[in-house]
Amino acid sequence: MGPEADSDESEVDYRFTLANERTFLAWIRTALGLLAGGVAVHQLVQPFRHHGVRAAIAVSCIVLSVVIALGAYGRWRHVDRAMRRGERLPRTMMVPILAVGIAVVAALAGIGVLLS
């Protein structure tokens, strides 16, 4: 950010800054859990009868992990900027993205179980 951006920003109460950071870290823990789940599915789950179902589940978890991690960083930045400028907090797409992503992974797992 250039000097012109700094002039309209103020220091935020540290409690709000730390709350924003805790929220970021919670999203990162979720992303790490999805990453671990994807690796575990790939390495530990017995192959389904239909080749590729296990890989689809693993890749879905890993891709969702990347999306959540990148989204968490973007969300952290947008909230920090809004707080410093005294603006309303931006809405987030992270919750619906995570909900739909988990639903897709669960559907793939269900299909894999039904086809076995």
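The values are calculated or read from the model by the stated rules, or taken from the named source; none is laboratory data. In this text, all values refer to a predicted model and were calculated from it rather than measured experimentally. Keep in mind that these areas ignore ligands, DNA and RNA; they rest on the heavy atoms of the full protein, side chains included. Shrake-Rupley method; radii C 1.70, N 1.55, O 1.52, S 1.80 Å.
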* To do: Quote the relative contact order of the stretch 26-68 in percent (integer), defining contacts as alpha-carbon pairs under 8 Å separated by 6+ residues.
  => 55
* Asked: Do you know the relative contact order of the chain, to the nearest whole percent, from alpha carbon pairs under 8 angstrom that are 6+ apart?
  -> 34
* To do: Please work out whether the stretch 12-56 counts as rounded, prolate or oblate from its C-alpha gyration tensor, where a ≥ b ≥ c are the square roots of the eigenvalues and a/c under 1.5 means rounded, while otherwise a/b larger than b/c means prolate and anything else oblate?
  => prolate
* Alpha carbon Rg of the chain, scaled by the compact-globule rule 2.2 N^0.38 Å -> 1.41
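Can you give me the span-like helices of the chain, meaning DSSP H runs with 18 Å or more of Cα extent along the axis and Kyte-Doolittle mean at or above 1.0?
On the way: long enough: 14-44 (43 Å, 0.57); 53-85 (47 Å, 0.70); 94-115 (31 Å, 2.63).
Flagged H segments are 94-115.
Could you rank Arg81, Arg29 by how accessible they are, 1.4 Å probe, largest area first? Walk me through the numbers on the way to the answer.
On the way: Arg81 65, Arg29 150 Å².
Correct descending sequence by accessible area is Arg29, Arg81.
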